[in-house]
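Report on the following structure.
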């Protein structure tokens, strides 16, 4: 028997490493496969009403200090195939958000306030767009490179990652899906026209009827928790008239016309709070 030399061992080791790497790559799912499994798990487009509690954090982030935060009740209606309508009563203001795949706008006290869809508004995507074609397009529109997928670990959880590899910096849009459950786990987005990073976390998915919903959603801006949504109840919803989702059906918001000849009066505490509420409900993570 000939002795095994280092010259013979080295090629065998290299061959083994190459085969192992190829096998690992073969089991890496594509974005198409991941989204297909995700929408299958989420359930078909639903018509449902969600009762939510929204918290906007100043500095405290605990229930014991809610007096230092802003807390609202919100009602969200999802209607198949892709309609979303939310209503928040903030003091005397009624703030609505309406969207389909092709449109998004806000209505404040019955007046159209188009504004701009913020990164945080996209939390609703896995709830609203439960079809592979629609969610794929939303991910692409947010800048997720769907040609890139990987497996990564964060906070002790392993996930399929669309849009980045573990070696990539987190300065690029990416969507994480839990490896075992195929339910959404983490969204990393960036505001349009800026480098401001917004991160959305989905926690504790539960099944109601034939669909899944997250019990809690957290929002971070530049690493700071600024908002949290808690799903309190899910019930059967009613279909939403498509006419409601036409911006032309609402009167445009009237621009403010301050009197330049007079000194503007100092805002009252209530007026300051209402201005703050409007900024927060526009999903501006730097509102305060």
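Semi-axes of the range 92-215's equivalent ellipsoid from the Cα gyration tensor, sqrt of 5 times each eigenvalue, largest first, rounded to whole Å?
Details: eigenvalues 143, 69, 35 Å².
The three semi-axes for the range 92-215 are 27, 19, 13 Å.
Where the centre of each part is set by its Cα atoms, how far does the range 122-168 sit from the range 80-94, in angstrom?
Rounded to whole Å, the Cα centres lie 26 Å apart.
Based on the Kirkwood radius over alpha-carbon pairs, what is the Stokes-Einstein translational diffusion coefficient of the range 195-250 at 20 °C with 1.002 mPa s viscosity, in µm²/s?
151 µm²/s
Over the range 30-248, what lengths in whole Å, largest first, do the semi-axes of the equivalent ellipsoid take, defined as the square roots of 5 times the eigenvalues of the alpha-carbon gyration tensor?
Numbers: eigenvalues 137, 90, 63 Å².
That gives 26, 21, 18 Å for the three semi-axes.
Laboratory data are not the source of any read-out in this text; all were calculated from the coordinates shown. Since the structure is predicted, the reported quantities are computational estimates derived from the model, not experimental observations.
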